[in-house]
1. What is the set of long-range amide H partners of I24 at a cut-off below 5 Å, with H atoms built 1.01 Å from backbone N?
2. What list of ³J(HN,Hα) values in whole Hz, one per residue of segment 39-48 in order, does the Karplus curve 6.51 cos²θ - 1.76 cosθ + 1.60 (θ = phi - 60°) give from phi, with Gly and Pro shown as x?
3. Return the FRET efficiency for the residue pair I62, V36: r is the Cβ-Cβ distance, R0 is 30 Å, and the value is rounded to the nearest 0.05.
Amino acid sequence: MLTITRNAKVSKASKSIASTPNEIRLSDAEIARRVVAIRSGWSIAERVRRRREADKRFLDLIDSLSACEAA
């Protein structure tokens, strides 16, 4: 879970939602907006490099899961 800290005082109602008084949960839309903002600064070469790394990690995960299932 991604969190963001804030300086404002937290009421008792929001304490039950957040794990600590200084953390709030981000919405899916806010997370998506931040991801797009970060990606917009990447060059094409950086995007290709990151995509290849993600594909490699995914294949490693599938291999690990297959190995666990076979055991």
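Values quoted throughout were computed directly from the atomic coordinates according to the rules given, and no laboratory measurement underlies them. A quick note: this is a predicted structure, and the numbers were derived from the prediction, not measured. Neighbour counts run over all protein chains shown; Cβ positions are idealised from the backbone, glycine included.
1. Excluding prolines and chain starts, which carry no amide H, the hits are I4.
2. Ordered by residue, 3J(HN,Hα) equals 4, 5, x, 7, 6, 4, 4, 5, 4, 5 Hz.
3. Numbers: r = 27 Å, r/R0 = 0.91.
Efficiency, rounded to the nearest 0.05: 0.65.
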